[in-house]
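One structure is given below, encoded as structure tokens.
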Amino acid sequence: MKRVLSGIQPTGSPHIGNYLGALKNWAKIQYDYDSIYCIVDLHAITAYQDPKELNTKIQQLAGILLAIGIDKKSLVLQSRVPEHAELAWLLTCVTPLGWLERMTQYKAKSQAQETISDGLLQYPVLMAADILLYQADVVPVGDDQRQHVELTRDIAQRFNSLYPEHGETFTMPATHLPTVGARVMGLDDPEKKMSKSEPGAGHAIGLLDDPAVIRKKIMRATTDSKPGVDFDDPGAGVRNLLAIYQAFTEASNEDMRARFSGMRYGDLKKTVAEAVVAGLEPIQQRYREIPPEQITEALRLGSENARRIANSTLTKVKRAMGLFTFD
Ligand code: AQP
């Protein structure tokens, strides 16, 4: 069976961008593959996190992933598998610095921080380690992470060609993007990607937001001055609302055109808000019902399973590099 791997950072409240760009897809394809889904807490700390809050966010995120339907056997907490950090170091040693300095996310995030940690620069190497550690064939991500998966392929190729003696060490991973929802934009600013770390109250819809809050945020979403939906040439805000509706309902392009062409923005927003509320309601219901001990147990079990695969890759990597192995 081919293997799928992806990750999400416990950096804030997960939003519908994370859900439509990645998590919905994770749940959908999980049984077609051997699946590993990581809560990447080591990535989260590349920017300062309040320790108490981080702990709570990890628990909350794990609960949300279970509520979305992710199988508990697939759930891994990155810091519980030390092989992620160990492989990251080995890959750091084969990654040219220039490759990292060119990363779009590094450039954007480093501009927003007063002190840039070395960890922020190394973020994509750690992500490459997450993927290559499990020899993943497929990586379902939103559009913002596409460049990092490409870099992972470059690192894998470089490693394989530098150390060819024992054959190809790493499997080459492929990116898996959703057809709709790969880049959900902020409701307050449709030119900016919806993001957990954006502070604006009307920016993102959290997966655990109350229906009343969801309706309020969508009714206030930025559109433009046209009187109604111009389906062939919608402005960025309207395009974003249409994409959110389509990603939640899985409506066909024909249905979308028939339903929304010429619709006034007030009605568009009401329709989108109801689709989002209906899409999130069962997830929120399940989330409320999951006992905390089930969350801890899932993280423990999934991480232990993952370590077995991780160890075998790491031994292979060390052997390829000429490091001493005892097995
Ligand atoms: N706006 C988005 N639209 C579609 N997909 C998105 N993803 C993130 N934002 C959008 C996808 O969600 C997965 C998990 O993301 P992450 O936690 O690894 O971090 P990120 O990509 O940096 O997401 P955020 O929300 O913007 O977090 P912060 O603010 O902490 O950086 C990934 O597959 C991502 O593509």
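Check whether at least one residue in the range 73-86 is among the charged types (D, E, K, R), more than 16 Å from the ligand (Cβ to nearest atom) and at pLDDT below 95, and report yes or no. Yes, because at least one residue in the range 73-86 is among the charged types (D, E, K, R), more than 16 Å from the ligand (Cβ to nearest atom) and at pLDDT below 95. Here Ile58, Ile45, Ile16, Ile29 are screened, and the one residue that is within 14 Å of the ligand (Cβ to nearest atom), within 27 Å of Asn240 (Cα to Cα) and surrounded by fewer than 22 Cβ atoms within 10 Å (Cβ to Cβ) is Ile29. For beta carbons closer than 7 Å, sequence separation of 6+ or different chains, a first residue in the range 191-202 that is more than 16 Å from Ile218 (Cα to Cα) and a second that is more than 9 Å from the ligand (Cβ to nearest atom) and assigned to a loop (DSSP other than H, G, I, E, B), the qualifying pairs are Lys196/Ser13. When the residues of the range 4-13 are filtered to those that are crowded, with 18+ Cβ neighbours inside 10 Å and more than 9 Å from the ligand (Cβ to nearest atom), the one that is nearest to Tyr123 (Cα to Cα) is Leu5.
For Val76, the conditions (1) assigned to a strand (DSSP E or B); (2) touching a Leu at 6+ places or on another chain (Cβ under 6 Å) are fulfilled apart from (2).
Against the numbered list (1) in a loop (DSSP other than H, G, I, E, B); (2) β-branched (Val, Ile, Thr); (3) crowded, with 19+ Cβ neighbours inside 10 Å, Val238 comes up short only at (1). Of all residues assigned to the range 153-174, none qualifies as being of a type outside the set (Ser, Thr, Tyr) and near the ligand (Cβ under 10 Å from one of its atoms).
The requirement of being over 14 Å from Lys196 (Cα atoms), within 8 Å of the ligand (Cβ to nearest atom) and outside any loop (DSSP other than H, G, I, E, B) is not satisfied by Ser35.
Residues in the range 195-210 that are surrounded by 15 or more Cβ atoms within 10 Å (Cβ to Cβ), more than 8 Å from the ligand (Cβ to nearest atom) and either assigned by TED's automatic domain parsing to the domain that holds Val276 or assigned to a loop (DSSP other than H, G, I, E, B) (or both): 6 in all. Of all the criteria given as (1) more than 28 Å from Gly69 (Cα to Cα); (2) within 13 Å of the ligand (Cβ to nearest atom); (3) of a type in the set (Gly, Ala, Ser), the one not satisfied by Gly181 is (1).
Once the range 68-80 is narrowed to residues that are under 16 Å from Pro10 (Cα atoms) and touching a residue at least 60 places away in the same chain (Cβ under 8 Å), the residue that is surrounded by the fewest Cβ atoms within 10 Å (Cβ to Cβ) is Arg80. Taking Glu53 as the residue in question, decide whether it is over 24 Å from Val138 (Cα atoms) and more than 16 Å from the ligand (Cβ to nearest atom). Answer is no for this residue.
The residues on offer are Val125, Val149, and the sole one that is buried (at least 18 other Cβ atoms within 10 Å of the Cβ), under 30 Å from Leu242 (Cβ atoms) and β-branched (Val, Ile, Thr) is Val149. The number of residues in the range 84-105 being in a helix (DSSP H, G or I) and surrounded by fewer than 20 Cβ atoms within 10 Å (Cβ to Cβ) comes to 12.
State whether the residues of the range 38-61 include one that is modelled with pLDDT of 95 or more and among the aromatic types (Phe, Trp, Tyr). For the range 38-61, residues modelled with pLDDT of 95 or more and among the aromatic types (Phe, Trp, Tyr): absent.
Residue-by-condition table, conditions (1) over 30 Å from Glu150 (Cβ atoms); (2) part of a helix (DSSP H, G or I); (3) under 16 Å from the mean Cα position of the chain (by Cα):
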position: Phe170; (1), (2), (3): no, no, no
position: Pro178; (1), (2), (3): no, no, yes
position: Lys216; (1), (2), (3): yes, yes, no
position: Lys226; (1), (2), (3): yes, no, no
position: Met256; (1), (2), (3): yes, yes, no
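Answer yes or no as to whether Gln145 is assigned to a loop (DSSP other than H, G, I, E, B) and either under 17 Å from Ile36 (Cβ atoms) or modelled with pLDDT under 95 (or both). Criteria not met by Gln145.
The values are calculated or read from the model by the stated rules, or taken from the named source; none is laboratory data. Bear in mind that the values here come from a model prediction, so they are computed numbers and not experimental data. Cβ: placed from backbone, ideal geometry, glycine included. Neighbour counts: every protein chain shown.
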